[in-house]
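What follows is a set of notes on a single structure, which appears directly below.
What follows is calculated from the coordinates using simple rules that are stated; it is not laboratory data. All values derive from a computational prediction rather than experimental measurement. Glycine gets a Cβ as well: all are built from the backbone with ideal geometry, and neighbour counts include every protein chain shown.
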Amino acid sequence: MTNGFEEAQERRNWLERLGELIPGFKGFQDRQLRREVDKLQREHLAREVSRLKVAVRGKARAYTDAGQIGLLHLFDRLDRKLDGLAQAIRFTDYGMSGIFDVVKFREEELEKLYRFDLSLLDDLSNLSGDLAAVPLPGAGDARDGLEQTLGRLELLEEKWSGRKNVISDVVETAS
């Protein structure tokens, strides 16, 4: 995974680079940049979750159109859980909190957080694969595939909830 913070630093314009020469300003600038990178990462994750919602709704529509409504409650649960996860990712307060104001991170600690976020993308890819494997109406029993997808989604929700622990570990290590 590329380091989003370093990439953002490299894209600074001449005025921002000039500001780095002002004592104390560079630290402020870096903290703000880290917040922005975190927000961009979270927005990307939330968009990926929303993309999965579109796929869930498409399969649910196919079952509805085929008159097979017996599994719609599982599609509905998937839809609601995906919506909740997307909202949790979008509105988590980590990137906008004052955490970067008082903590100096070393690259190893930030890399731990970036690796965690990258693993979330891998989990979303696996979830997408599970959903794609759910057969269309008339092509097999979808119940097992939907339940497997729900199970993986619940694990992903738990993992996202644990992100604050990863952040706490990074903060404790950095202090």
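Couple of notes before you dig in:
- Counting 0.36 nm for each residue step from K112 to F91 and taking away their Cα separation leaves a gain of 5.4 nm.
- Of K39/K81; K39/K112; K59/K112, pairs whose Cα-Cα distance is over 27 Å: K59/K112
- A crude spin-label estimate for the pair R51 and E154, with each label 7 Å from Cα along the Cβ direction, gives 2.7 nm.
- Rounded to the nearest whole Hz, the Karplus-based 3J(HN,Hα) values (6.51 cos²θ - 1.76 cosθ + 1.60, θ = phi - 60°) of the stretch 40-48 follow the sequence 4, 5, 5, 4, 5, 4, 5, 5, 5, with x at glycine and proline.
- With the simple spin-label model, which puts each label point 7 Å out from Cα in the Cβ direction, the L40 to L121 separation comes to 1.2 nm.
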